[in-house]
Amino acid sequence: MKGNIGKILLVLIPVIVALALLYPTFRANNLEDTRGEFLKRASEAQSPGDSLQIMEDFRTEHGEDYESAKENRLKLGLDLRGGMYVTLEVDVVKLIEESAFNEAKDEIFNNVIEVTKAEVQKTDNPVIEVFIENFNEIARPQGKSLLSYFDVSDFKDVSEEKIIEKLEQNADDAIDQALEVIRQRVDQYGVSEPNIQKQGSRRILLELPGVQDESQMRNLLQTTA
């Protein structure tokens, strides 16, 4: 008899533990379905105020339970849950072009930009580095320097090194800003356990488990910040 009880417990205990571990996942999935219903009602609301109120109602009724279930459910990646894998690229060449004086831009500068734009499609090297190399090869032999095109009014020590430092800082800031905007948009969409990180010098990698409406997420990400 004791042996049978031991065998029964040996089966029951793992089952009970498994059910306890799976319950937050089950609960989170149910609440995501409920949230989807609220989102549908919000999208069909007659005014933005009504839409916001509907989502506020969800947060009031289910918000705490929903966040707790998401936090404690089993962590599943793209291979198990499906979803989207996206790579975005910050247009650093455009940033360089817009940083230059409009009045100073000429055929030489535009040529450097076009060559840089074509080259960065084939390399993962930092864009500023590629731009400077092309500038040295194309513009400098024609008597141009970076001082010919870029603002130096806020520098105490005027030099090309300072201009390069500023361009590099602007590029880093643009990527950080894009990363933050994307993170806010993904959070707004309600993606659970997203992976958002820098990749290389100008790309942002997104793994978005569980995303079903790819077109809506794509539109959300492609909208200019």
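Values for this structure:
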| item | result |
| --- | --- |
| GLN142/GLU61 FRET efficiency (R0 45 Å; Cβ-Cβ; nearest 0.05) | 0.10 |
| Pairwise label distance in nanometres, SER215 with ARG183, each label 7 Å out on the Cα-Cβ vector | 3.1 nm |
| Inter-label distance for ASP176 and GLU114, nm, one decimal - labels placed 7 Å from Cα along Cα-to-Cβ | 3.6 nm |
| Convex hull (Cα only) mean projected area of region 95-160, reported in nm² to one decimal | 4.7 nm² |
| Pairwise FRET efficiency - GLU165 versus GLN199, Cβ, R0 = 35 Å, nearest 0.05 | 0.90 |
| Entries in LYS105/LYS162; LYS117/LYS166; LYS40/LYS198; LYS40/LYS94 that, when Cα-Cα distance is taken, lie over 26 Å | LYS40/LYS198; LYS40/LYS94 |
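Values quoted throughout were computed directly from the atomic coordinates according to the rules given, and no laboratory measurement underlies them. Here the structure is a predicted model, which means the values were calculated and not measured. We place every Cβ from the backbone using ideal geometry, glycine too, and count neighbours over all the protein chains shown.
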